[in-house]
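The values are calculated or read from the model by the stated rules, or taken from the named source; none is laboratory data. These numbers come from a predicted model, not from an experiment. Don't worry about glycine lacking a Cβ; one is built from the backbone with ideal geometry, like all the others, and counts go over all protein chains shown.
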Amino acid sequence: MIVELTAVRLVAPFFGSSMEVWATIIALVMTALALGYFFGGQLSKKLRKADSVIYLLIASAGLLIGFSYLFVEPIVSFTSLSLHLAKFSLSLKTFFVVLSLFFLPVFLLGSIYPLIIASFKERKSGQAAGLIFAISTTGSILGTLLPSFVLIPLIGTKLTFFLTGIGLEIIAFIGLPKLQKLIPALILILLLLNLPHSPQVLSSNEEIIYQTESLYQQIKVIKNNNYFYLSLGPGSFVSSSYSPDSFLTGQVFDYFNLLPLLRDSHDLNVLIIGLGAGTMSRQYQHFFSEKYALHIDGVEIDPEVIKVGKKYFELEQPSLTIYAMDGRAFLNQTEKKYDIIIIDVYARQTYIPFHLATQEFIQKAKEHLQEKGILAFNVATTSLESFRYRVISQTTKSVFKFTYSLNVDETNTLVIASNSPLKSLGEINRKEIPADLFPLISQTGQMGLIESSDPNFILRDDTAPEKL
């Protein structure tokens, strides 16, 4: 179970963790176990004494598992760049990577069960099998809980595989006779000489000042001069940005500060789904806390990101209440209504989880808006013809009377919706605009009403692709 669960985490930065990826990994692990059981059964008929063989198989599996992290990126690169494999579907690429890394060690571990059962000659086969499967199932429970709640959050994926390999070598060392102990001992030395580590310095001006791995993703805090950036996942995209000397970032976050100017109200209750380390909540506190009775609910699924935000990004603000949970789950349990709901959710900064973009979700969000409330999506896209933009804009349009598109830069477009018509950027009273925000209006394009409809691009819970 440790191999199965952690394998998903290991390939997720490259292929995601969709149902397609999970199904491929589970099927491969089960296939490897089935073949291992068969092989072990056949082997047990030929061996009079299987004790040493069992421990040698464990040592071999430990070697392969302990070093597996070293070969992930080379194999993924080969899969992505090979002329024959680059055009494969996601499931086939995942199949190839997991087959290369984990099929053999799982096969070896599976083969030891029949050998262990055969070694219990003093017991009846049923009693032996029952004992072995009870022990193995207990091990599977621990193998599920340990990586999920202890190992991966504390030490990360690579070290989890590394320690699993070391654990198997220790078991083999204890079980093997004197001379054969040299085999796991040498493997242990090799593993320890290749202890996983991560490079810290990015360039002359950039350095990783904090790095960890949560249950959900890789987390890095990068410092460049007096700016701090939060990076989630394997890429270099910025999830949150902070400087103690500035509130504007020069990035897409800034443009969400135009939303309160599109409506008239004395109160400002805001919900941010995808709070991250709090760039937008800090901006709202600065620009709007004096003009409005401001309250912000920030929903962030990853507790580790919240910790990082508090330590490095000035996340805690007087107007902000933080909820560590899934955004849709939060909407399902709250009765609050908001003037603005912002959705800026990207799993590992690569895709939008489908359940936060379907018609059912947007309808639920609409039910939590005030009469003239605004819903705003951050759509990372380089083209209005992209699938991501079309499904989010059309699905949003299917729920709201007025849906707008606001292109803010080369890689981001805001989809803004309301049941009441919104002001155009040109209609905003200049006296209402905080001085620092005024240049944003001249820098961005016009907010255009989306008039065309295409029911083929409406997402629903039961049919939406798992990631967008």
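Which one of these does Met325 not meet: (1) of a type outside the set (Lys, Arg); (2) crowded, with 20+ Cβ neighbours inside 10 Å; (3) assigned to a loop (DSSP other than H, G, I, E, B)?
The failed condition is (2).
Looking at Thr382 and the list (1) modelled with pLDDT of 95 or more; (2) farther than 26 Å from His295 by Cα, which single condition is not satisfied?
The failed condition is (1).
For the stretch 177-188, check the following and say yes or no: at least one residue is in a helix (DSSP H, G or I), at pLDDT 90 or above, in the same structural domain as Leu315 (by TED's automatic domain parsing) and out of contact with any Ser or Thr (no Cβ under 7 Å at 6 or more places or on another chain).
No, every residue in the stretch 177-188 fails to be in a helix (DSSP H, G or I), at pLDDT 90 or above, in the same structural domain as Leu315 (by TED's automatic domain parsing) and out of contact with any Ser or Thr (no Cβ under 7 Å at 6 or more places or on another chain).
Looking at the stretch 232-254, which of its residues are in contact with a strand residue (DSSP E or B) (Cβ under 8 Å, 6 or more places away or on another chain), assigned to a strand (DSSP E or B) and at pLDDT 90 or above?
Passing the criteria: Ser240, Ser241, Tyr242, Ser243.
Considering the stretch 337-360 alone, what residues qualify as being modelled with pLDDT under 95 and either farther than 17 Å from Val391 by Cα or aromatic (Phe, Trp, Tyr) (or both)?
Residues satisfying the conditions are Tyr346, Ala347, Arg348, Gln349, Tyr351, Phe354.
Any residue that is within 34 Å of the chain's Cα centre (by Cα), in the same structural domain as Val252 (by TED's automatic domain parsing), in a loop (DSSP other than H, G, I, E, B) and among the polar types (S, T, N, Q) - is there at least one of those in the stretch 414-425?
Let us first name the residues in the stretch 414-425 that are within 34 Å of the chain's Cα centre (by Cα), namely 414-419.
Imposing the further condition that a residue be in the same structural domain as Val252 (by TED's automatic domain parsing) reduces the set to 414-419.
Still in the list and also in a loop (DSSP other than H, G, I, E, B): 419.
Restricting the remaining residues to those that are among the polar types (S, T, N, Q) gives 419.
Within the stretch 414-425, one or more residues are within 34 Å of the chain's Cα centre (by Cα), in the same structural domain as Val252 (by TED's automatic domain parsing), in a loop (DSSP other than H, G, I, E, B) and among the polar types (S, T, N, Q).
With (1) buried (at least 22 other Cβ atoms within 10 Å of the Cβ); (2) at pLDDT 90 or above; (3) not hydrophobic (A, V, I, L, M, F, W, C) as the list, and Thr24 as the residue in question, which single condition is left unmet?
(2)
This table checks each residue for (1) under 27 Å from Glu466 (Cβ atoms); (2) surrounded by 22 or more Cβ atoms within 10 Å (Cβ to Cβ); (3) assigned by TED's automatic domain parsing to the domain that holds Asp302.
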position: Leu315; (1), (2), (3): no, yes, yes
position: Tyr338; (1), (2), (3): no, yes, yes
position: His368; (1), (2), (3): yes, no, yes
position: Thr395; (1), (2), (3): yes, yes, yes
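Give just the number: which of (1) touching a strand residue (DSSP E or B) at 6+ places or on another chain (Cβ under 8 Å); (2) not assigned by TED's automatic domain parsing to the domain that holds Tyr404 does Thr463 not satisfy?
Among (1) touching a strand residue (DSSP E or B) at 6+ places or on another chain (Cβ under 8 Å); (2) not assigned by TED's automatic domain parsing to the domain that holds Tyr404, the lone unmet condition for Thr463 is (1).
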